[in-house]
């Protein structure tokens, strides 16, 4: 049951990315180019997603626990640190180079373009390398 | 153009609905880099099934779109494969180090009013825009 619902959530997520144009790197790069031919589509995607999630989360959290689990798994880290900022900056640089963040990158693997597989393979390597870093390093 | 904006907002609502579903059903944040990254290292055995299923749905969405309307909605890459490799390394390393990506920080985190996520989102948006600015308007573009 949990896998079925997770599959549905993944389908819904991917469909949202497609509707929003986020699976087209040209659209994403256009959003990140406010000094060129700016494409504001991503702003509408973010607004729709954040508003829906903000309202939905609050309704969901009225319950003590999720339907299929004992507790909600929420991030516990509170303070911003060097890792957060450096990580976000490196991610932003990669996003600006190719126009793919992790969701659209993974959603694109079935499209048959070999360079997308290169991207996703490199992404996996990068994530694995970062997970090997010692736990405390700012 | 306004038609595209409407579709984009609708797409955002679908992404939000997915995040709410995942929270309601499993109590999980819909952060793609975390869902996928934990499969590479970190996730325990009983914690893997839903992650694989979610990613299966994500990969299946373009196929569904293709079956429904005859086009997948996937756009062509804009840069050559060596750039794709560099971008992938940065995205994978950065999202793991920073604890999230556009979905985990940008959507779910901001919806939770998390200051960390708000800061991360401002940083990756600003650096992303700065990177595009340097590539397009200073260097004159990547040859693809």
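Just a few scattered comments:
- Whole-angstrom gap from the stretch B:30-46 to the stretch A:17-55, using each part's C-alpha centre: 25 Å
- Reducing the stretch A:77-121 and the stretch B:87-144 to their Cα centroids gives an inter-centroid distance of 8 Å.
- Structure-based [θ]222 nm, chain A - -39500 (n - 2.57) summed over DSSP H runs of at least 4, per residue, nearest 500: -20000 deg cm²/dmol
- Here the stretch B:84-104 is scanned for amide nitrogen atoms under 18 Å from the site 7 Å beyond the Cα of residue A:117 along Cα-to-Cβ, giving B:84-86, B:88-89.
- The gain in end-to-end length when the residue B:118 to residue B:63 segment is fully stretched comes to 16.5 nm, 0.36 nm per residue minus the alpha carbon separation.
- For the protein assembly as shown, the Stokes-Einstein estimate of translational diffusion at 37 °C and a viscosity of 0.692 mPa s comes to 179 µm²/s, using the Kirkwood hydrodynamic radius over alpha-carbon pairs.
- Average beta-carbon neighbours from other chains, 10 Å sphere, peptide B:61-70: 4
- Considering chain B, its Cα convex hull presents a mean projected area of 10.9 nm².
- Inter-chain shielding of B:113-123 (mean C-beta neighbours from other protein chains, 10 Å cut-off): 5
- Pair residue A:47, residue B:138: separation of 7 Å Cα→Cβ label points (nm): 3.1 nm
- Kirkwood hydrodynamic radius (C-alpha pairs) into Stokes-Einstein, the stretch A:79-138, 4 °C and 1.567 mPa s, D in µm²/s: 101 µm²/s
- Helical runs (DSSP H, four residues minimum) scored at -39500 (n - 2.57) apiece and divided by the length of chain B put the mean residue ellipticity at 222 nm at -21500 deg cm²/dmol.
- Average beta-carbon neighbours from other chains, 10 Å sphere, peptide A:56-66: 4
- Cα-Cα pairs of the stretch B:39-122 separated by more than 20 Å (percent): 59 percent
- Among B:58-64, A:63-69, the order from most to least packed when residues are scored by Cβ within 10 Å on average: B:58-64, A:63-69
- Three principal axis extents of chain A based on alpha-carbon atoms, in descending order, are 47, 39, 31 Å.
- Going from the fewest other Cβ atoms within 10 Å to the most, the residues A:52, B:95, A:15 appear in the order A:52, A:15, B:95.
No lab work stands behind these numbers, since they all come straight from the coordinates. Model, not experiment: these values are computed from the prediction. Using ideal geometry, Cβ is built from the backbone for each residue, glycine included, and neighbour counts are taken over all protein chains shown.
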